[in-house]
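The values are calculated or read from the model by the stated rules, or taken from the named source; none is laboratory data. As the structure is a prediction and not an experimental result, all values here were calculated from the model. Quick reminder, even Gly has a Cβ in these numbers, built from the backbone with ideal geometry, and neighbours come from all protein chains shown. Calculation scope for accessible area: heavy atoms of the full protein, side chains included, ligands and nucleic acids excluded. Shrake-Rupley method; radii C 1.70, N 1.55, O 1.52, S 1.80 Å.
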Amino acid sequence: DFLYVLAPGETDAVVALSIDAAGTLVEVDRETAGPTPAAMAATPEGDLLYVLNQDDSTISCYAVGSDGLLTEAVGSPFNTVAGVTTFPLAIEVTSDGTNAFLYTTDNDGEITQSAIGAGGALTLVGAGVVTGAGANYRGMASTPGADQLFVMDAGLDEIHAYDADAAGALTVHPS
């Protein structure tokens, strides 16, 4: 088993740790991420790990080996978030079993929506961004079937619900 943690600041790295039967952690890999890695999410299959880099609004992608080692994907870091949202805060990866999607939030109440392609490449879905009803979106969770996304709004102290279509595009869930 493996555990992945972010080491923002001096190293700006993602660290891979093995976990033995006694629960002891041993570092097995350390890969440089972008400036100020703030959040990460893995695909449900565990084969890809995405890191949200706050200072340059990019997303680093790593293939996860069976030995826990990380290999940065071709084209990573991706500029999918840059120019679409400002000051990204959270990241969520969803999958419906056939297609996988990546969502990020920012402190302006916007959610970027991207499809995950071959090798972990990201492509914006539709206009690329959905503007929510609030601000300061801090965390996300999705349903197992990837048909709904829930976003925690720290500015309004609310949770907003979105419906996701088969292409990963979000619409506000009627309340």
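The figures follow:
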{"item": "Segments classed as strands (runs of 3 or more DSSP E), wholly inside the stretch 76-125, with at least 3 members that are buried (at least 16 other Cβ atoms within 10 Å of the Cβ), at pLDDT 90 or above and within 10 Å of the chain's Cα centre (by Cα)", "result": "88-95, 100-106"}
{"item": "Any chance D67 is crowded, with 20+ Cβ neighbours inside 10 Å, at pLDDT 95 or above and more than 17 Å from the chain's Cα centre (by Cα)", "result": "no"}
{"item": "Residue, modelled with the lowest pLDDT, within the stretch 9-20, restricted to residues that are in a strand (DSSP E or B) and in contact with a Pro (Cβ under 9 Å, 6 or more places away or on another chain)", "result": "A13"}
{"item": "Among (1) in contact with a Leu (Cβ under 9 Å, 6 or more places away or on another chain); (2) at positive phi, the one test that G128 misses", "result": "(1)"}
{"item": "Residue check for Y4: among the aromatic types (F, W, Y) and either in a loop (DSSP other than H, G, I, E, B) or crowded, with 20+ Cβ neighbours inside 10 Å (or both)", "result": "no"}
{"item": "Count of residues meeting criterion [part of a strand (DSSP E or B), open to solvent by less than 50 Å² (accessible area, probe 1.4 Å) and farther than 18 Å from P88 by Cβ] in the stretch 147-175", "result": "4"}
{"item": "Top-ranked residue of the stretch 33-71 - restricted to ones that are among the hydroxyl-bearing types (S, T, Y) and in contact with an Asp or Glu (Cβ under 9 Å, 6 or more places away or on another chain), ranked as farthest from T94 (Cα to Cα)", "result": "T36"}
